[in-house]
Amino acid sequence: MASENLIALIKVLRERTGAGMMDCKKALEASGNDVEKSIDWLREKGIAKQAAKASRIAAEGMASTYVEGNKAIILEVKCETDFVAKGDRYHALVENVAKQTLEANAKDIDSAKEITNQLFVDATVAMGEKINYRRFEFVEKQDGEEFGAYVHMGGKIAVVTVTSKNADVAKGLAIHIAANNPQYISMKDIPADVLEHERAITLEAAKNDEKLANKPENILKGIVEGKVRKMLAESVLEEQVYLMGDGTQTVGQYLKSVGVTLVKFVRYALGDGLEKRVDNFAEEVMKEAK
């Protein structure tokens, strides 16, 4: 019978790749139960096209923003239930936490927790459940630049942008980023190691593709480069079709047409990087294994 640890790893791998349970099990066995290596293995075999970033939510809560002058904060505060997260009292707490953190110029999350401790003590007593300050980040701009701040679905996603000018453009970009989750502003922002990693995986996948396996090496490399660029472009803001536009322009084309530069963006999705509790998954795994 599969161990509880293996079952948990299969669940994580399945959620991140969309691959079947038995394929996930084979990938883990071939990769020493290393999830990241297993994702690469599945992609090389053509079973998983792309390693999706985990976006599972471990708790309820709220991501939000607060702007004061040339400084903004984006933060995430967790709670136990959606009922509390939707309440006015909880929203007021998050705003006060943001204000205190910003005004005190907290250097890290530990100091921010110390600064806001009494707010959390009082809120826990008043609301009757555990509330936790998970993370924050400051975003600064220069005079003449503009902030765009957007909070989606009551705090499921929060975004702060900084543009060279034009507050309306900054806000529109924040909405687009909330919906499309880019990882980079432009293609040149993609780290070299990320490019090499994707090239290696895509090349191995191409070699396992019967239609491409016999292509000359120079042609195969060209095909691989095209596939890598197309895949990575999906995570590059300037390459995405602008959500707030007419459906024909990319974000890069739109920004050029209005003469605005995006300086920076930060996007928080509630629960980024956290995993849900592993439920009773063993029965489903063993059923498929039979």
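The values are calculated or read from the model by the stated rules, or taken from the named source; none is laboratory data. Not measured: the values here are computed from a predicted model. Every residue, glycine among them, receives a Cβ derived from its backbone with ideal geometry; neighbour counts consider all protein chains shown. Only protein heavy atoms, including side chains, enter the accessible area calculation; ligands, DNA and RNA are left aside. Shrake-Rupley method; radii C 1.70, N 1.55, O 1.52, S 1.80 Å.
Relative contact order (percent) for the chain, with alpha-carbon contacts under 8 angstrom and 6 or more residues of separation?
Reported relative contact order: 23 percent.
Quick check: Cα centre of the range 169-226 to Cα centre of the range 60-122, how many Å?
Each part reduced to its Cα centre gives a spacing of 37 Å.
Give a residue-ordered list of calculated ³J(HN,Hα) values for the range 245-259 (Karplus: 6.51 cos²θ - 1.76 cosθ + 1.60, θ = phi - 60°; whole Hz; x for Gly, Pro).
With coefficients 6.51, -1.76 and 1.60, one gets x, 8, x, 10, 8, 7, 4, x, 5, 4, 4, 5, 5, 9, x Hz.
Which of the lysines could a cross-linker span from Lys86 if the Cα-Cα distance has to be under 19 Å and same-chain partners fewer than 8 positions apart are dropped?
Reachable lysines: Lys78, Lys130, Lys156.
Compute the accessible area per residue over the chain, keeping the other protein chains in place, probe 1.4 Å, unit Å².
On a per-residue basis, the chain sits at 55 Å².
Which loop-located trypsin sites (Lys or Arg not before Pro) does the range 210-258 contain, where loop means any DSSP state but H, G, I, E or B and the Cβ has at most 13 other Cβ atoms within 10 Å?
Here the trypsin sites (Lys or Arg not before Pro) that fit, given the DSSP loop and packing criteria, are Lys211.
What do you get for the angle between helix 4-17 and the principal long axis of the chain? Use alpha-carbon atoms, 0 to 90 degrees, nearest ten.
Here the helix axis deviates by roughly 90 degrees.
Rounded to the nearest 0.05, what FRET efficiency do Glu137 and Val258 have when you use their Cβ-Cβ distance and R0 = 30 Å?
Here the calculated transfer efficiency is 0.65.
Determine ³J(HN,Hα), in whole Hz, for all residues of the range 199-213 in sequence, where each value follows from phi through the Karplus function 6.51 cos²θ - 1.76 cosθ + 1.60 and θ = phi - 60°; x replaces Gly and Pro.
The phi angles translate into 4, 4, 5, 5, 5, 5, 5, 5, 5, 8, 8, 4, 6, 10, 4 Hz.
Straight-line reach from Lys227: which lysines have Cα under 24 Å away, leaving out those fewer than 8 places along the same chain?
Straight-line reach from Lys227, under 24 Å: Lys37, Lys45, Lys49, Lys53, Lys188, Lys207, Lys211, Lys215.
What net charge is computed for the residues neighbouring Ile175, neighbours being all others with C-beta under 14 Å from the C-beta of Ile175, Lys and Arg scored +1, Asp and Glu -1?
Taking every other residue near Ile175 into account, the sum is +2.
Where a Cα-Cα gap under 13 Å defines reach, which aspartates and glutamates qualify for Lys165, not counting those fewer than 8 residues away within the same chain?
Asp143, Glu145, Glu146
Rounded to whole Å and ordered largest first, report the semi-axes of the equivalent ellipsoid of the chain derived from its Cα gyration tensor (root of 5λ).
37, 30, 14
For the chain, what is the calculated [θ] at 222 nm in deg cm²/dmol (nearest 500), taking -39500 (n - 2.57) for each run of four or more DSSP H residues and dividing by its residue count?
For the chain, the value works out to -14500 deg cm²/dmol.
From the phi of every residue in the range 152-164, what ³J(HN,Hα) in whole Hz does the Karplus formula 6.51 cos²θ - 1.76 cosθ + 1.60 yield, where θ is phi - 60° and glycine or proline is x?
9, 6, x, x, 5, 9, 9, 9, 10, 10, 10, 10, 5
Based on Cβ point charges of +1 for Lys and Arg and -1 for Asp and Glu, what charge dipole magnitude is obtained for the chain about its Cα centre, in debye rounded to the nearest 20?
Rounded to the nearest 20 debye, it is 620 debye.
Nearest 10 degrees is fine. How inclined is helix 117-127 to the longest principal axis of the chain, computing both from alpha carbons?
Long axis of 117-127 versus the principal axis of the chain: about 80 degrees.
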